[in-house]
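Let me begin by presenting the structure, written as structure tokens, before commenting on it.
The values are calculated or read from the model by the stated rules, or taken from the named source; none is laboratory data. Everything numeric in this text was worked out from a predicted model, so none of it was measured. A quick note on method: Cβ atoms are made from the backbone with ideal geometry, for glycine too, and the neighbour counts reach across all protein chains shown. Heads up: the accessible areas ignore ligands, DNA and RNA and are worked out on the full protein's heavy atoms, side chains in. Shrake-Rupley method; radii C 1.70, N 1.55, O 1.52, S 1.80 Å.
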Amino acid sequence: MAKRVTIETLAEWLRDKDDIALLGHISPDGDAAGSNLAMYHALRAMGKRAVVCLPEGIPLLYAGLPGAESVIATGDPLPFVPRTALAIDVSEDARLGEAGLKLFGACEHRAALDHHHTNPGFGQIYALDGYAAAAGELVVDLIEALGVALTRDMGSCLFVAISTDCGHFNYSNTREQTFRAAAKCAATGIDIAGITERLYRTRTRGRTLLLGKVLSGLELSPDGRMAWARLTERMLSDAGARREDNEGIVNYLLEIQDVELAVLAEERGPETTKFSLRSKAPINVARDMAAPLGGGGHDLAAGATLQKPLEDALATVLALADDVLGRTPHS
């Protein structure tokens, strides 16, 4: 059974470990990519061998991060045989993916660092702060606990990690510690304007077309409290978009006036549908929707995957959403 520990204890555990595989979750986002890459730079600064393994490799949006060229798609050949595994920003071991779970389990030493309330804990030890806006916040603390000086490369990676998971400091998970961690990144001399331009003011043609196709099919409940949309394999193909281009689309649904709960159903094959869930307080999509469906996440941003065709899966999720809304007063 995994033992929960402090950041300081995790740092002490890491000090005498080497040949380290850093693992992120399936469909890696900015927090998974940035946090793992920052940790990679810190471990290398300590003279350790490390490698970042992300399912599907580094997303195109984050390919400009320092060290991104060294990221290996989970399951591909590695430059060494890892003896230690550290999963960062992974809410449960299943989110490592099949290849990641195999690699994690093959390592003699295993640990996790995360910020999802729903994380049950896995590995031999794990450090968890469910109030942190991003795993990047915790990686800042871990690097400090290791006694490693924060560099510009680490700062760039961590600023991306923190910024993307708190909506560029707009979401309700943003706290004092979030700004303090970001300030430490800024103090390294990172290009904040350039990072912000790439993350929030630049969009590929494929992503732009995909966004239009998804939003053109959005639906609203009769009372206007819920919005949902579909993202099909055909949409991806017609738009010339990549799978990662779906990131953040669900937020457009939640931004519709009076909408309190948003659902994006993404077709991942004939029998698999992935759901992105967003809500406004007091609706807790992690506890009331994602968890009953076998998923997890944060109070206002969560997800789950159902082994059902898109329309059948969507019907299941919308029925659950109707029940949740029926038990929740208008905000």
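Can you give me the angle between helix 97-106 and the longest principal axis of the chain, using Cα atoms only, in degrees from 0 to 90, rounded to the nearest 10? The angle comes out near 30 degrees.
The accessible surface of the range 144-233, taken with every protein chain in place and a 1.4 Å probe, is 53 percent carbon and sulfur. Taking the longest Cα principal axis of the chain as reference, the axis of helix 30-45 is set at about 0 degrees.
Where the accessible area of the range 1-130 is counted over protein heavy atoms with a 1.4 Å probe, how much of it, in %, is carbon and sulfur? Display every interim value, and only then the final one.
Numbers: 2620 of 5200 Å².
Accessible surface attributable to carbon and sulfur in the range 1-130 totals 50 percent.
Within the accessible surface of the range 240-281, defined with a 1.4 Å probe on protein heavy atoms only, the carbon and sulfur portion equals 43 percent. Beta bridges assigned by DSSP with both partners in the chain are antiparallel in approximately 40 percent of cases.
With both labels modelled 7 Å from their Cα along Cα-to-Cβ, the ALA315 to ALA281 distance reads 3.7 nm. Rolling a 1.4 Å probe over the protein chains gives ARG287 an accessible area of about 140 Å². For LYS102, a cut-off of 15 angstrom between C-alpha atoms picks up these aspartates and glutamates, skipping any fewer than 8 places away in its own chain: ASP76, GLU92, ASP93.
Annotation: amide H-H contacts under 5 Å for ALA85 (H modelled 1.01 Å from N, sequence separation of 5 or more, or interchain): ALA21, HIS109, ARG110, ALA111. Rolling a 1.4 angstrom probe over the protein heavy atoms with all chains in place gives the chain an accessible area of 43 Å² per residue.
Relative to the longest principal axis of the Cα atoms of the chain, the long axis of helix 176-186 makes an angle of roughly 60 degrees. Here the peptides 80-89, 215-224 are ranked by packing, the mean other Cβ count within 10 Å, and the order with the highest first is 80-89, 215-224.
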